[in-house]
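Beneath this line is the structure, given in structure tokens, with notes to follow.
The values are calculated or read from the model by the stated rules, or taken from the named source; none is laboratory data. Note that the structure is a prediction, hence the values are computed from the model and not measured. Please note: Cβ atoms are built from the backbone with ideal geometry, for glycine as well, and neighbour counts cover all protein chains shown. With ligands, DNA and RNA removed, areas are computed over all heavy atoms of the protein, side chains included. Shrake-Rupley method; radii C 1.70, N 1.55, O 1.52, S 1.80 Å.
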Amino acid sequence: MNVYDSERMAETLVGYEQTDSPDDADMILLNTCHIREKAAEKIYSELGRYRPLKDANPDLKIGVAGCVAQAEGEEIVRRQPLVDLVVGPQSYHRLPEMETKIQSGARALDFEFPEEDKFEHLAKRPKAKRGPTAFLTVQEGCDKFCAFCVVPYTRGAELSRSAAQVMDEARNLVERGVREITLLGQNVNAYNGHPSGLAGMIWDLAAIDGLDRIRFTTSHPNDMDDALIEAHGSCEKLMPYLHLPVQSGSDRILKAMNRKHTAESYVRVIERLRTARPDLLLSGDFIVGFPGETDEDFEDTLALVREVGYGQAYSFKYSARPGTPAAEKPNFPADLASERLQRLQALLGEQQRATQDAMVGREVSVLFEKPGRQDGQMVGKSEYLHAVHVADSGAEIGDLRPVRIVESGTNSLRGKPI
Ligand code: 5AD
Ligand code: SF4
């Protein structure tokens, strides 16, 4: 979602163009993540590096956006006085006024949860051609309050954009060359801006000519309703890939995490999804070292991973976040968390490898996104989100072509045009 937000923020700043080099910049806006301590702390070392740039160019303005801005607010300017602007993820439609303010030499800080709809006030999206894949935020915020998670505090309550707004934005993207849209939300399957929920929204989007692929992320198991499961079986444009985090395989830990589901209920949802779409590639998120996690709890997580079989996954050591209920609990031994993370990642890595290797010999469709390193090579994604390199494909960026997978490499597949 930060990629999407960054794109929208850049669009609000009229008169600026993007540069790849901080030395050339008149404004540097850091978009930040507060989900784990490491990500949040990185911002301060990054900001420290801008001191010489600011000395060299006194007109350089520096801003911090995103969830760290939301959570730490004025603390940011206290810790790093060179910051001119702090803007939370719900207020970035106000960037143009904030930019005027900082140009006059004042500081601009805004991390309120505004009354107005940010999306109604954002600059109209441009008409310029763009790459074949795009993100589109349809839902923000979270009401689930998992005990470890800052999202309900940084992104606020669940809020869905109207179906009409989503359709307009999707049509704009398709007119500009987009063929694949990933619908975004912290809890995207709780989307209720369409009378038939996320499934209804997906079906409406699927009717747009020129839009060939739809994905969505990230979902909560309890919001995987019948219609959405059914859409995975019957909506051709909905890609056979699903990121459905479970966090832990132990019911005791799931309860302590306030996840409001059990390992068993999660596995049942997966079974129903696989009945609807047998080739669905599953992805997940896992946390190890949640306070109180015993050897047995961790073994339950490994057992769940073995039972489900993931094609791809993200796993993290628990990070205590200020203001969350779990942060009140005793710390978990760091060494043990590292050891568990290693074991979990080894298992997930094996599954990922096996899933990728099993693609060899299969025909997939590839949406080409960019040229590869070698001459004549193009790189794109299969419907399962595997990166596929194809030599002499004859394809252009934005082409969707059938490809036979011939080799499975370290992080990507190699294919031949059919
Ligand atoms: N510590 C570690 N991982 C976390 N996540 C969220 N909060 C924390 C935390 N405090 C992970 C969860 C979530 C993903 C986006 O980040 O696995 O699904
Ligand atoms: Fe955080 Fe996801 Fe839980 Fe919401 S559902 S509190 S975003 S982990």
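Worth pointing out:
- Hz values of 3J(HN,Hα) by residue in the stretch 329-343 - Karplus curve (6.51, -1.76, 1.60), Gly and Pro given as x: 7, x, 4, 9, x, 4, 5, 5, 4, 4, 4, 5, 4, 4, 5
- DSSP beta bridges in the chain [antiparallel fraction, %, rounded to 5]: 35
- 3J(HN,Hα) along the stretch 211-220: 8, 10, 9, 10, 9, 8, 6, 10, 10, 10 Hz, from the Karplus curve 6.51 cos²θ - 1.76 cosθ + 1.60 with θ = phi - 60°, whole Hz, x for Gly and Pro.
- With K and R counted +1 and D and E -1, the other residues having a Cβ less than 15 Å from that of P245 yield a net charge of +2.
- Sulfur and carbon atoms: percent of accessible area, the stretch 124-357 [1.4 Å]: 53
- Using distinct alpha-carbon pairs, which all enter the 1/r mean, Kirkwood radius of the stretch 80-203 in Å: 16.3
- Normalised convex hull volume, the stretch 146-228, alpha-carbon set, Å³ per residue: 100
- Each peptide in 112-124, 137-149 was scored by the mean count of other Cβ atoms within 10 Å over its residues; highest first, the order is 137-149, 112-124.
- Using C-alpha pairs under 8 Å with a sequence gap of at least 6, the mean separation divided by the residue count of the chain gives a relative contact order of 10 percent.
- Accessible surface of the stretch 2-110, 1.4 Å probe: 48 percent of it comes from carbon and sulfur atoms.
- Each label point was placed 7 Å from the Cα along the Cα-to-Cβ direction; for R49 and E75 their separation is 2.3 nm.
- Shape box of the stretch 1-87 [Cα atoms, principal axes, largest first, Å]: 32, 28, 19
- With the simple spin-label model, which puts each label point 7 Å out from Cα in the Cβ direction, the D26 to L302 separation comes to 5.8 nm.
- Pairs of Cα atoms farther than 18 Å apart, the stretch 363-417, %: 14
- Where N is the number of residues in the stretch 58-134, Cα Rg divided by 2.2 N^0.38 Å: 1.23
- Pairwise centroid distance, computed over Cα atoms, of the stretch 2-16 with the stretch 216-273, Å: 32
- For the stretch 306-405, the set of trypsin sites (Lys or Arg not before Pro) satisfying both a DSSP loop assignment and a count of at most 11 other C-beta atoms within 10 Å is given as R373.
- Counting only DSSP H runs of at least 4 residues, each contributing -39500 (n - 2.57), and dividing by the residue count of the chain, the helix-based mean residue ellipticity at 222 nm comes to -10500 deg cm²/dmol.
- Any cysteine of the chain lacking a neighbouring Cys Cβ under 4.7 Å - listed by number: C33, C67, C142, C235
- Residues with amide H under 5 Å from that of K61, placed H, sequence gap 5 or more: M27, I28
- Net lengthening on full extension, A206/V267 (0.36 nm per residue, minus Cα-Cα): 19.1 nm
- Range of Cα positions in the stretch 124-357 per principal axis (Å), largest first: 52, 41, 31
- Charge tally for G309 (other residues, Cβ to Cβ under 11 Å; Lys, Arg +1; Asp, Glu -1): 0.
- Considering every alpha-carbon pair of the stretch 184-230, the percent of pairs per 5 Å bin, from zero through the bin containing the longest distance, is 5, 22, 33, 25, 12, 3, 0.
- Remark: the stretch 246-255, residue by residue, has Karplus-estimated 3J(HN,Hα) of 10, 6, 7, x, 9, 4, 5, 6, 4, 5 Hz, where x stands for each Gly or Pro and the curve is 6.51 cos²θ - 1.76 cosθ + 1.60 at θ = phi - 60°.
- For the stretch 363-417, with all protein chains in place and a probe radius of 1.4 Å, 43% of the accessible heavy-atom surface sits on carbon or sulfur.
- Rounded to 5, percent antiparallel among DSSP beta bridges of the stretch 363-417: 85
- Tail fraction, Cα-Cα pairs, the chain, threshold 38 Å, whole percent: 25
- Accessible surface, per residue, of the chain when the full set of protein chains is kept, probe 1.4 Å, Å²: 46
- Distance between the stretch 284-311 and the stretch 73-87 - C-alpha centres, whole angstrom: 39
- 5 angstrom amide H check on N31, placed H, neighbours 5+ away: A65
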